[in-house]
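First comes the structure, then the notes that go with it.
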C-alpha cells in the first residue's frame, strides 16, 4: 500500500533490530562490542574503537523532555490534517547524551493515543515510551510518566 506519510523502512539492515524491538513493545539501542556506551541513531562502525561488532540492548524507555517544537503550516500534504502536532526531543534516562524524537501523546483508554496540547508541555518533564503502529510501522511515542 502506498502512503504519503514519511515512514521508516523497518527492514533496513542497520535499523531492523530497533524496529523489531518496537514491534515487541521494547525500546532497544545499539551497543558496540567492548563498549559500555550505546548509540542513537545507529551506525555501521563504532566511532571510538572502529569496530563493527555490535548488539542491540533493551533500555528502560524512560526519559525527560529536553526540547520540543510545534510545526506550523505550510506542512507536507500528508501532515496537514494533523495540524499543530507536537514533536518532542527526549533525553533518555539510560544515557542522557542519547536523545530520541517523537510525539507526546496521551492514552485515550481505548488502546489508542491522542496528541497532547503543546501549551502543556514542559521541558524536564518525565516521560516513558509507548508504541503506536502507523500503517503497520510501530513508532515510539511518549507519554507522561
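Any read-out appearing in this document is the output of simple, stated calculations on the displayed coordinates, not a laboratory observation. Note that the coordinates shown come from a computational prediction; the quantities given were computed from them, not determined experimentally.
Tabulated data for the structure shown
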quantity: Computed Kirkwood radius, in angstrom, where 1/r is averaged over Cα pairs of the chain; calculated: 16.4 Å
quantity: Helical contribution to [θ] at 222 nm, DSSP H n ≥ 4, -39,500 (n - 2.57), averaged over the chain, rounded to 500; calculated: -1500 deg cm²/dmol
quantity: Computed over the chain: relative contact order in percent, which uses C-alpha pairs under 8 Å that are six or more apart; calculated: 21 percent
quantity: Mean projected area (nm²) of the alpha-carbon convex hull when the range 9-59 is viewed from all directions; calculated: 3.3 nm²
quantity: Convex hull projection area averaged over all views, the range 60-145, Cα basis, nm²; calculated: 6.1 nm²
